[in-house]
Structure formats: C-alpha cells, structure tokens
1. Tally the residues that are of a type outside the set (Gly, Ala, Ser) and free of Cβ contacts under 8 Å to residues at least 24 places away in the same chain, restricting the search to segment 38-67.
2. Out of segment 27-51, which residues are modelled with pLDDT of 90 or more and surrounded by fewer than 11 Cβ atoms within 10 Å (Cβ to Cβ)?
3. Which residues, counting only those in segment 1-34, are of a type outside the set (Gly, Ala, Ser), part of a strand (DSSP E or B) and more than 21 Å from Arg59 (Cα to Cα)?
4. Filter segment 58-98 for residues that are surrounded by 12 or more Cβ atoms within 10 Å (Cβ to Cβ), part of a helix (DSSP H, G or I) and of a type in the set (Gly, Ala, Ser) and give the result.
5. Restricting segment 1-26 to residues that are charged (D, E, K, R) and surrounded by 14 or more Cβ atoms within 10 Å (Cβ to Cβ), which is farthest from the chain's Cα centre (by Cα)?
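The values are calculated or read from the model by the stated rules, or taken from the named source; none is laboratory data. Since we're looking at a predicted model, the values are computed, not measured. We place every Cβ from the backbone using ideal geometry, glycine too, and count neighbours over all the protein chains shown.
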Amino acid sequence: MNTMIVDGFTAKIEDDADLDAFRGEIRGLNGGADFFGKNPKELRAESKKPLQVFLEVCREKRGVEPRRSHSGRFNLRIPPGLHERLAILAQAEGKSINAVAQEALQQRSAAH
C-alpha cells in the first residue's frame, strides 16, 4: 500500500486508471477527504486543500473531533493452532497473550 503523510494524517495513494491520475484518501478521519493529481508533485499540492476544509468544518461544528476515536479493544479470530503457539510463547516469556500480540502488532504497524 502506498501512503503519504499530510499534516500528520496518513493518506492512502492509488492509481485511478479511469481518470488517468493518482487518487489520495486521508485515513482515520470522522469523514471523507480525498484528492487527485496527475503526478506526485500535483498530488502533494492538492492533498492539503480537502484536509483544511474538513478540519474547518470540524471546528465550526463544536465538539466534532476530526480523528476517528478508537477504544483500544478489538476481537481477533485466529486458528486454534496459532492460539496454542501464542499461549505457549507467552507463557515461556512470562507474558500474557495480549502482550505478545501487542508487540507483534506494534512491530508490524511501525513499518508503515
């Protein structure tokens, strides 16, 4: 997945063959903000406009946070064999399965 940072927000970048342009979509917002450009320079220049408009609307509607909130909890379904391996690994390291999973997720997300 191709991404770029726009004023602290992550945008997913895709090639839109129908428009013969790149399309960016700013992720993690409580609404939508997308932008287009024919080349990377134009895409970067166009990325700031929709984000500024979105943030302005959030300011006008008092109490609306621009970033989507996350509770820190989610349910993960995994195969029983993987669950067993994680339990054994966690026990061997004196940790909870949650701690082992959190470490793995932090390593994976740090790569982006």
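1. Of the residues in segment 38-67, 15 are of a type outside the set (Gly, Ala, Ser) and free of Cβ contacts under 8 Å to residues at least 24 places away in the same chain.
2. Within segment 27-51, Asn39, Lys41 meet the criteria.
3. If the condition is that a residue be of a type outside the set (Gly, Ala, Ser), part of a strand (DSSP E or B) and more than 21 Å from Arg59 (Cα to Cα), then Asn2, Thr3, Met4, Ile5, Lys12, Ile13, Glu14, Asp15, Asp16, Phe22, Arg23 are the ones that fit.
4. Once the filter is applied, which keeps residues that are surrounded by 12 or more Cβ atoms within 10 Å (Cβ to Cβ), part of a helix (DSSP H, G or I) and of a type in the set (Gly, Ala, Ser), segment 58-98 yields Ala87, Ala90.
5. Here the answer is Arg23.
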